[in-house]
Amino acid sequence: MPAPAWLRAWLACVLLLMASVAVAAPRIGVMTMQPGEVFFERFGHDAIIVQDPQSGQATSYNFGAFDPSEDDFIGNFVNGVMQYYLVALPLEQDLATYRDEGRGVKIQWLDLTPQQAQALADSLAEQARPENARYRYDYFTSNCSTKVRDAIDRALGGGLKSQLSGRSRGNTLRSEAVRLASPATWMWLGFDIGLGPSTDVPLSRWDEAYVPMRLADSLGESRNSAGQPLVSSEQVMLPHRIAPEPAEQSRSYKPWLLAGVLLAIALAVLGLRAPRLFAALMLPIWLLLGVLGLVLAFLWGFTEHWAAYRNQNLLLFNPLCLLLLPGAIALLRRRKPARWTVWTSYLVAACALVAWLPHWLAVSPQSNQIWVALLLPIQLAVAYVFKRIQARN
């Protein structure tokens, strides 16, 4: 029996409404920008693109905005209490910056349901309002990429996190930070020396997505709510015209150990044969190690930089090295260093030995093998030289 006319009319209206929703639903994409050459561009960047289906105009929702003119900006940066905010820009305006910098840009267009796409677009528009745009920034856990990741996950009802949380490639916060910062020597040294053991835990693919390029990789392997590939297509917006993203490399402590042993032997010979030259060489080294140690202690004890807490490098970049400076000055004046200075050199060497113990015992050591290998032999050599000089008549 044919359906009543009213039922057919109702079904037609429902189908028409569904069709109009499908047509009107925005197109959602994740735009990934390759690393740049300026230090704050080294980790790459990303944004969510919302394209209007009627006009074709696309908006870039970018979580990476900050205002250096804000009150106490430098102080907040040092203390780890930075504020970033979300901005909505026309896509072409956002692309212009990366075009000028020579950075590659691609968009991964996502296969979301109309309801998911519309809900995500509405949520981003609401977040971009001035009163809602600001958020507490954290370099590893709340940055431009994690905000994109979390927004996509909410649109999928938690489906992205469930796919990524149980998988790992063995990367850590430290390994990723050092890898991406490697083109800038001062920057990778700062990360490697300044990060504590909490950054040496293997990351899940979910946590690894704090790096925009890693998030793009994971999106390419993920599924949508219907079990289909989440990324329906990829579109290259700009070619990459500068140095590529640094590749993964294993780090061996052996070259650093060889360098440390050779330097220790050279310092021991020099210290016994030419104490003034030994002192002239060690004075800036002790000053550098001591100042770096004070910085590490400050980051741990007086800031919100949680990734710098419990840093075992304090045993190597030791503030006590500053107490060895009078010993160097005494040697430069052709005098014996004071006995307390000699004992301080023993204490500095003992601290370096303590830094080696976790690696020897394999008890959740911090990934600082290269610094132990380099500095432990040197500190032992210094203590030996001071002992021999003090023992002379």
Open item on the list: Return the residues of segment 101-119 that are within 17 Å of THR32 (Cβ to Cβ), open to solvent by less than 50 Å² (accessible area, probe 1.4 Å) and not basic (Lys, Arg); say none if nothing qualifies.
Closed with: GLY102, GLY104, VAL105, ILE107, GLN108, TRP109, LEU110
TODO: Tell me which of these GLN93 doesn't satisfy, since it passes every other one: (1) open to solvent by less than 60 Å² (accessible area, probe 1.4 Å); (2) within 30 Å of ARG27 (Cα to Cα); (3) assigned to a helix (DSSP H, G or I).
DONE: (1)
Open item on the list: Can you list residue pairs whose Cβ atoms sit under 6 Å apart, with the first residue in segment 91-112 being touching a residue at least 12 places away in the same chain (Cβ under 8 Å) and the second being of a type in the set (Asp, Glu) and surrounded by fewer than 17 Cβ atoms within 10 Å (Cβ to Cβ)? Count only pairs 6 or more apart in sequence or on different chains.
Closed with: LYS106/GLU234; GLN108/GLU234
TODO: Please state which one of VAL236, VAL261 is hydrophobic (A, V, I, L, M, F, W, C), open to solvent by 40 Å² or more (accessible area, probe 1.4 Å) and in contact with a strand residue (DSSP E or B) (Cβ under 6 Å, 6 or more places away or on another chain).
DONE: VAL236
TODO: Mind listing just one residue for me: the one in segment 101-140 that is aliphatic (A, V, I, L, M) and in a loop (DSSP other than H, G, I, E, B) and, of those, nearest to PRO26 (Cα to Cα)?
DONE: LEU112
Task: Subset of segment 363-373 (residues that are surrounded by fewer than 22 Cβ atoms within 10 Å (Cβ to Cβ) and within 18 Å of LYS254 (Cβ to Cβ)) - done: PRO365, SER367, GLN369, ILE370, ALA373
Open item on the list: Regarding segment 250-261, can at least one residue be identified that is free of Cβ contacts under 8 Å to residues at least 60 places away in the same chain and of a type outside the set (S, T, N, Q)?
Closed with: yes
Open item on the list: Residues that are open to solvent by 70 Å² or more (accessible area, probe 1.4 Å) and farther than 19 Å from ASP153 by Cα: does segment 44-52 have at least one?
Closed with: no
TODO: Please list, ordered by first then second residue, the pairs with beta carbon atoms under 9 Å, 6 or more apart or interchain, first in segment 295-315 and over 14 Å from GLY190 (Cβ atoms), second at pLDDT below 95 and in a loop (DSSP other than H, G, I, E, B).
DONE: THR303/GLY80; THR303/VAL81; GLU304/GLY80; GLU304/VAL81; TRP306/GLY80; ARG310/GLN366; GLN312/PRO365; GLN312/GLN366
Open item on the list: Residues to consider are TYR61, TYR98; find the one that is in a helix (DSSP H, G or I), surrounded by 19 or more Cβ atoms within 10 Å (Cβ to Cβ), of a type in the set (Ser, Thr, Tyr) and at pLDDT 95 or above.
Closed with: TYR98
- [ ] With the condition kept exactly as written, say whether any residue in segment 68-80 is closer than 22 Å to ALA216 by Cβ, open to solvent by 50 Å² or more (accessible area, probe 1.4 Å) and among the acidic types (Asp, Glu).
- [x] no
Task: Test result for LEU164, hydrophobic (A, V, I, L, M, F, W, C), within 20 Å of the chain's Cα centre (by Cα) and either within 22 Å of ARG223 (Cα to Cα) or at pLDDT below 95 (or both) - done: yes
- [ ] Please work out if ALA117 is over 27 Å from PHE40 (Cβ atoms), at pLDDT 95 or above and in contact with a Pro (Cβ under 6 Å, 6 or more places away or on another chain).
- [x] yes
- [ ] Could you tell me whether any residue of segment 270-285 is in contact with a Ser or Thr (Cβ under 9 Å, 6 or more places away or on another chain), modelled with pLDDT of 95 or more and surrounded by 15 or more Cβ atoms within 10 Å (Cβ to Cβ)?
- [x] no
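The values are calculated or read from the model by the stated rules, or taken from the named source; none is laboratory data. What you are looking at is a predicted structure, and each value in this text was computed from that prediction instead of being measured. Here the Cβ is made from the backbone with ideal geometry for all residues, glycine too, and neighbour counts use every protein chain on show. The protein model used for the area step is the full one, side chains on, heavy atoms only, and it has no ligands, DNA or RNA in it. Shrake-Rupley method; radii C 1.70, N 1.55, O 1.52, S 1.80 Å.
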